[in-house]
1. If a residue must be of a type in the set (D, E, K, R), more than 16 Å from the chain's Cα centre (by Cα) and surrounded by 16 or more Cβ atoms within 10 Å (Cβ to Cβ), how many such residues does the stretch 123-147 contain?
2. Scan the stretch 2-13 and give yes if some residue there is of a type in the set (Asp, Glu) and buried (at least 17 other Cβ atoms within 10 Å of the Cβ), otherwise no.
3. Run Thr128 past the list (1) closer than 14 Å to Gly47 by Cα; (2) outside any helix (DSSP H, G or I) and report the number of the one that doesn't hold.
4. Just checking, how many residues over the stretch 78-110 are among the aliphatic types (A, V, I, L, M), closer than 19 Å to Glu14 by Cβ and out of contact with any helix residue (DSSP H, G or I) (no Cβ under 6 Å at 6 or more places or on another chain)?
5. In the stretch 1-87, which helices (runs of 4 or more DSSP H) lie fully inside it and hold 1 or more residues that are within 17 Å of Arg160 (Cα to Cα)?
6. Taking the stretch 91-109 as the search range and keeping residues that are of a type in the set (A, V, I, L, M, F, W, C) and touching a residue at least 40 places away in the same chain (Cβ under 8 Å), which one is surrounded by the most Cβ atoms within 10 Å (Cβ to Cβ)?
7. With Gly117, Gly143 as the choices, which residue is at pLDDT below 95 and either acidic (Asp, Glu) or in a helix (DSSP H, G or I) (or both)?
8. Since Leu120 meets every condition but one in (1) buried (at least 16 other Cβ atoms within 10 Å of the Cβ); (2) of a type outside the set (Lys, Arg); (3) in contact (Cβ under 8 Å) with a residue 24 or more places away in the chain, which condition does it not meet?
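The values are calculated or read from the model by the stated rules, or taken from the named source; none is laboratory data. Keep in mind that this is a model prediction, so the values were computed, not measured. Here the Cβ is made from the backbone with ideal geometry for all residues, glycine too, and neighbour counts use every protein chain on show.
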Amino acid sequence: MDFLEHLTEYYRGERLGAICYTVAGILFLLLAFAVWRVAAPGTITRGMLMPLVVIAVLGTVAGPLLWRSNIERLVRLPQEYLADADALVARESARMEGVERMWMPLKIAWTALIFLGLSLAFLGGRPTWKGVGLGILLIGALGHIVDGIASERSRIYVARLAAERAAGH
(Lines give C-alpha, C1' and ligand atoms only; values in the text may rest on other atoms or scores of the structure.)
Protein backbone atom coordinates (compact mmCIF):
# COMPACT_ATOMS: atom_id res chain seq x y z
CA MET A 1 0.00 0.00 0.00
CA ASP A 2 1.50 3.33 -0.98
CA PHE A 3 1.43 6.43 1.19
CA LEU A 4 -1.49 8.04 -0.63
CA GLU A 5 -3.62 4.97 0.13
CA HIS A 6 -2.57 5.16 3.83
CA LEU A 7 -3.44 8.84 3.96
CA THR A 8 -6.85 8.19 2.42
CA GLU A 9 -7.49 5.23 4.72
CA TYR A 10 -6.60 7.30 7.80
CA TYR A 11 -8.95 10.15 6.92
CA ARG A 12 -11.73 7.76 5.90
CA GLY A 13 -11.41 6.24 9.37
CA GLU A 14 -11.59 9.70 10.90
CA ARG A 15 -14.67 10.44 8.80
CA LEU A 16 -16.32 7.20 9.95
CA GLY A 17 -15.52 8.16 13.55
CA ALA A 18 -17.20 11.51 13.01
CA ILE A 19 -20.31 9.81 11.66
CA CYS A 20 -20.35 7.49 14.69
CA TYR A 21 -20.00 10.49 17.07
CA THR A 22 -22.93 12.19 15.39
CA VAL A 23 -25.17 9.13 15.49
CA ALA A 24 -24.19 8.40 19.11
CA GLY A 25 -24.85 12.03 20.03
CA ILE A 26 -28.33 11.85 18.54
CA LEU A 27 -29.04 8.55 20.31
CA PHE A 28 -27.86 9.98 23.64
CA LEU A 29 -29.99 13.05 23.01
CA LEU A 30 -33.02 10.79 22.57
CA LEU A 31 -32.05 8.84 25.68
CA ALA A 32 -31.68 12.06 27.68
CA PHE A 33 -35.09 13.21 26.48
CA ALA A 34 -36.61 9.87 27.53
CA VAL A 35 -34.96 10.10 30.96
CA TRP A 36 -36.23 13.67 31.37
CA ARG A 37 -39.77 12.64 30.43
CA VAL A 38 -39.99 9.33 32.32
CA ALA A 39 -37.60 9.26 35.29
CA ALA A 40 -38.86 10.73 38.52
CA PRO A 41 -36.89 13.57 40.13
CA GLY A 42 -34.50 12.42 42.83
CA THR A 43 -33.82 9.01 41.25
CA ILE A 44 -30.55 7.51 40.04
CA THR A 45 -31.87 7.53 36.49
CA ARG A 46 -32.78 11.23 36.67
CA GLY A 47 -29.31 11.94 38.09
CA MET A 48 -27.82 10.62 34.85
CA LEU A 49 -29.68 13.25 32.84
CA MET A 50 -27.01 15.95 32.79
CA PRO A 51 -24.11 13.60 31.92
CA LEU A 52 -26.27 12.16 29.12
CA VAL A 53 -26.90 15.68 27.82
CA VAL A 54 -23.14 16.38 27.91
CA ILE A 55 -22.43 13.24 25.85
CA ALA A 56 -25.24 14.13 23.45
CA VAL A 57 -23.99 17.68 22.91
CA LEU A 58 -20.38 16.55 22.44
CA GLY A 59 -21.39 14.00 19.82
CA THR A 60 -23.88 16.14 17.93
CA VAL A 61 -21.54 19.15 17.82
CA ALA A 62 -18.12 17.49 17.42
CA GLY A 63 -19.27 14.83 14.96
CA PRO A 64 -20.41 17.15 12.15
CA LEU A 65 -17.40 19.44 12.65
CA LEU A 66 -15.00 16.50 12.42
CA TRP A 67 -16.87 15.08 9.44
CA ARG A 68 -16.60 18.38 7.59
CA SER A 69 -12.88 18.82 8.28
CA ASN A 70 -12.10 15.23 7.28
CA ILE A 71 -14.12 15.45 4.07
CA GLU A 72 -12.15 18.57 3.21
CA ARG A 73 -8.85 16.80 3.98
CA LEU A 74 -9.85 13.78 1.89
CA VAL A 75 -10.17 16.11 -1.10
CA ARG A 76 -7.28 18.50 -0.44
CA LEU A 77 -4.47 16.32 0.93
CA PRO A 78 -4.17 13.85 -1.97
CA GLN A 79 -3.93 16.80 -4.36
CA GLU A 80 -1.25 18.40 -2.17
CA TYR A 81 0.64 15.11 -2.01
CA LEU A 82 0.66 14.79 -5.79
CA ALA A 83 1.79 18.41 -6.14
CA ASP A 84 4.55 18.29 -3.48
CA ALA A 85 4.87 15.07 -1.50
CA ASP A 86 7.74 16.29 0.70
CA ALA A 87 5.87 19.41 1.82
CA LEU A 88 2.69 17.50 2.62
CA VAL A 89 4.52 14.81 4.58
CA ALA A 90 6.35 17.50 6.58
CA ARG A 91 3.09 19.36 7.37
CA GLU A 92 1.20 16.20 8.26
CA SER A 93 4.09 14.98 10.43
CA ALA A 94 4.13 18.24 12.38
CA ARG A 95 0.34 18.22 12.77
CA MET A 96 0.28 14.61 13.89
CA GLU A 97 3.01 15.27 16.49
CA GLY A 98 0.50 17.60 18.16
CA VAL A 99 -2.22 14.96 17.89
CA GLU A 100 0.06 12.34 19.46
CA ARG A 101 0.92 14.68 22.37
CA MET A 102 -2.74 15.05 23.31
CA TRP A 103 -3.42 11.34 23.92
CA MET A 104 -1.82 11.07 27.36
CA PRO A 105 -3.59 14.13 28.85
CA LEU A 106 -6.87 12.80 27.45
CA LYS A 107 -6.27 9.35 28.96
CA ILE A 108 -5.56 11.00 32.31
CA ALA A 109 -8.75 13.10 32.04
CA TRP A 110 -10.90 10.08 31.13
CA THR A 111 -9.39 8.08 34.00
CA ALA A 112 -10.03 10.95 36.42
CA LEU A 113 -13.66 11.03 35.28
CA ILE A 114 -13.94 7.29 35.85
CA PHE A 115 -12.63 7.67 39.40
CA LEU A 116 -14.90 10.65 40.06
CA GLY A 117 -17.87 8.73 38.65
CA LEU A 118 -17.09 5.67 40.74
CA SER A 119 -16.69 7.81 43.86
CA LEU A 120 -20.04 9.52 43.34
CA ALA A 121 -21.77 6.27 42.38
CA PHE A 122 -20.62 4.54 45.56
CA LEU A 123 -20.36 7.44 47.99
CA GLY A 124 -22.81 9.96 46.55
CA GLY A 125 -25.41 9.54 49.25
CA ARG A 126 -28.53 10.71 47.45
CA PRO A 127 -29.73 8.68 44.48
CA THR A 128 -29.42 11.74 42.23
CA TRP A 129 -25.68 12.06 42.99
CA LYS A 130 -25.22 8.34 42.44
CA GLY A 131 -26.86 8.79 39.03
CA VAL A 132 -24.59 11.74 38.25
CA GLY A 133 -21.67 9.50 39.20
CA LEU A 134 -22.84 6.74 36.88
CA GLY A 135 -23.21 9.25 34.07
CA ILE A 136 -19.71 10.65 34.66
CA LEU A 137 -18.39 7.07 34.74
CA LEU A 138 -20.04 6.52 31.36
CA ILE A 139 -18.38 9.65 29.94
CA GLY A 140 -14.95 8.48 31.14
CA ALA A 141 -15.43 4.97 29.77
CA LEU A 142 -16.70 6.23 26.40
CA GLY A 143 -13.79 8.67 26.23
CA HIS A 144 -11.30 5.83 26.73
CA ILE A 145 -13.02 3.71 24.07
CA VAL A 146 -13.25 6.46 21.47
CA ASP A 147 -9.73 7.77 22.05
CA GLY A 148 -8.28 4.26 22.26
CA ILE A 149 -9.53 3.56 18.76
CA ALA A 150 -8.49 6.98 17.45
CA SER A 151 -5.01 6.85 19.03
CA GLU A 152 -4.35 3.44 17.50
CA ARG A 153 -5.40 4.74 14.08
CA SER A 154 -3.17 7.80 14.48
CA ARG A 155 -0.24 5.66 15.70
CA ILE A 156 -0.38 3.65 12.48
CA TYR A 157 -0.61 6.82 10.38
CA VAL A 158 2.33 8.43 12.22
CA ALA A 159 4.43 5.32 11.59
CA ARG A 160 3.55 5.52 7.90
CA LEU A 161 4.47 9.22 7.84
CA ALA A 162 7.85 8.36 9.42
CA ALA A 163 8.44 5.67 6.81
CA GLU A 164 7.54 8.13 4.06
CA ARG A 165 9.99 10.72 5.49
CA ALA A 166 12.71 8.05 5.69
CA ALA A 167 12.05 7.14 2.05
CA GLY A 168 12.77 10.71 1.03
CA HIS A 169 9.37 12.39 1.04
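1. Number of matching residues: 1.
2. Going residue by residue through the stretch 2-13, those that are of a type in the set (Asp, Glu) are 2, 5, 9.
Then drop every residue that is not buried (at least 17 other Cβ atoms within 10 Å of the Cβ), which leaves none.
No.
3. If we test Thr128 against (1) closer than 14 Å to Gly47 by Cα; (2) outside any helix (DSSP H, G or I), just (2) comes out false.
4. So in the stretch 78-110, the residues among the aliphatic types (A, V, I, L, M) come out as 82-83, 85, 87-90, 94, 96, 99, 102, 104, 106, 108-109.
Narrowing further to those that are closer than 19 Å to Glu14 by Cβ: 88-89, 94, 96, 99, 102, 106.
Then keep just the ones that are out of contact with any helix residue (DSSP H, G or I) (no Cβ under 6 Å at 6 or more places or on another chain); that gives 94, 102.
The total comes to 2.
5. Values: elements: 3-38, 44-47, 49-83.
Result: 3-38, 49-83.
6. Within the stretch 91-109, the subset of a type in the set (A, V, I, L, M, F, W, C) is 94, 96, 99, 102-104, 106, 108-109.
Right, trim to touching a residue at least 40 places away in the same chain (Cβ under 8 Å) and you get 96, 99, 103, 106.
On the way: Met96: 18, Val99: 14, Trp103: 16, Leu106: 15.
Among those residues, the one meeting the criterion is Met96.
7. Details: Gly117 fails: at pLDDT below 95.
From the options Gly117, Gly143, the qualifying one is Gly143.
8. (3)
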